[in-house]
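Here the structure is laid out as structure tokens; the discussion comes afterwards.
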């Protein structure tokens, strides 16, 4: 029962994140750059539940994004987010005491890895990728890291209070 | 049955999730490498069964919240429009008489289907939206979609109750445009799924701030729908053409209602598309 409840809780967080991304995500945009709640969610899940859960929810989140992307790029988000979930889960397993700054660092690193794999999968030209890297990846990574730090801090504070 | 499920779950969670990782990675790669027809059917199946119903619920909640303020706004607009209708109908009658005189074909005389945006890409690259109108409402593939501000894109897949709209920023959508001031035809596309760029002959002397409209030459979009304004002019690889960044009239992430023009592609274009 407890295990089932965990699954339902993660599923609700997953749906909530997508609602957040499609509503609040666009309101929070500054100069066209907004935070990526989906990546924050995958990193959080992978840190909390390990690599298997990380790559499963990464796969689900990536596929959801791929459905609305150009058909030619189907699978690009799926692969990049599956890898992200797995790598973050592995890092958590290998370095069991991931403290808050480390989590934020992993989030930033994960964002870059995810984008690089995505650009590689889509087969975009080098010039276009460079342009996207500076106009999208860097500002959105910084924004996501800031929002992620806040999310991690809040969840940590909640946990402490609970304890 | 339960044993089998438990066995699979154990297999996936053991060995630090490597089995799960390899499985999901292969699945993703297979999707990426699949033929276009297979990819289309994967996307259509996922949209029709899971994503469309879910986003329909979310969209309904959003719509309910904005209905009150929208109602007030519409009442005011209605009063203004009633006043203008009289003058407009007079003008239209005059225009119709003139059209008959010069045998001008009114390209905009198509029925319009109003649709609500019920879903869009939750990711950062917004290239597709889902609308709540499908073949049962007369929507077909390759029909132009626009809003009060200008061109939005075209219908790429029409199901019974919903359709998928390819936005102007989709790298696969390329269209012929006309610069309103100089009347020179150019070519608009998005290479990165994020920004719009146009190529227009250098001799036209297009300047920053000029407006681009659809040229009507592609056979899908009628002539005269506003597309965007020239934001920055860059040199292209070919000196005869100028590459320019275009700022669309639309904020695609904030689209709520759109209009589908029930205009089917001209027969020659349709044949090419079918091929």
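A compact table of results
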quantity: Subset of region B:238-256 [within 14 Å of chain A (Cβ to nearest Cβ) and touching a strand residue (DSSP E or B) at 6+ places or on another chain (Cβ under 8 Å)]; calculated: B:243, B:245, B:247, B:248, B:250, B:252, B:253, B:255, B:256
quantity: Some residue of region A:64-82 being more than 9 Å from every other protein chain (Cβ to nearest Cβ), in contact (Cβ under 8 Å) with a residue 12 or more places away in the chain and out of contact with any strand residue (DSSP E or B) (no Cβ under 6 Å at 6 or more places or on another chain); calculated: no
quantity: Condition met for residue A:38 (at the interface with another protein chain (Cβ under 7 Å from one of its Cβ atoms), assigned to a helix (DSSP H, G or I) and closer than 20 Å to residue A:140 by Cα); calculated: yes
quantity: Check on residue B:191, without any contact (Cβ under 8 Å) to a residue 24 or more places away in the chain and either at positive phi or within 14 Å of another protein chain (Cβ to nearest Cβ) (or both); calculated: yes
quantity: All helices (runs of 4 or more DSSP H) inside region B:17-125 with 2 or more residues being in the same structural domain as residue B:147 (by TED's automatic domain parsing), modelled with pLDDT under 75 and surrounded by 10 or more Cβ atoms within 10 Å (Cβ to Cβ); calculated: B:52-102
quantity: Residue check, residue A:95 modelled with pLDDT under 90, within 14 Å of chain B (Cβ to nearest Cβ) and surrounded by fewer than 16 Cβ atoms within 10 Å (Cβ to Cβ); calculated: yes
quantity: Single condition residue A:104 does not satisfy, out of (1) surrounded by fewer than 16 Cβ atoms within 10 Å (Cβ to Cβ); (2) away from chain B (no Cβ under 11 Å); calculated: (1)
quantity: Number of positions in region B:211-226 that are surrounded by 18 or more Cβ atoms within 10 Å (Cβ to Cβ) and within 19 Å of residue B:240 (Cβ to Cβ); calculated: 2
quantity: Scope region A:15-27; condition more than 8 Å from chain B (Cβ to nearest Cβ) and without any contact (Cβ under 8 Å) to a residue 24 or more places away in the chain; matching residues; calculated: A:16, A:20, A:24, A:27
quantity: For residue B:156: the one exception among (1) farther than 30 Å from residue B:235 by Cα; (2) touching a residue at least 40 places away in the same chain (Cβ under 8 Å); calculated: (2)
quantity: Candidate set: region B:240-259, residues that are part of a loop (DSSP other than H, G, I, E, B) and within 22 Å of residue B:180 (Cα to Cα); chosen: the one modelled with the highest pLDDT; calculated: B:249
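Residue by residue, here is whether (1) within 14 Å of chain A (Cβ to nearest Cβ); (2) closer than 19 Å to residue B:128 by Cβ; (3) within 16 Å of the chain's Cα centre (by Cα) holds:
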site	(1), (2), (3)
B:179	no, no, no
B:217	no, no, no
B:227	no, yes, yes
B:263	no, no, yes
B:268	no, no, no
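The values are calculated or read from the model by the stated rules, or taken from the named source; none is laboratory data. Worth saying up front: this structure is predicted, and the values here are computed from it rather than measured. Heads up, the Cβs are rebuilt from the backbone with ideal geometry, glycines too, and the neighbour counts pull from every protein chain shown.
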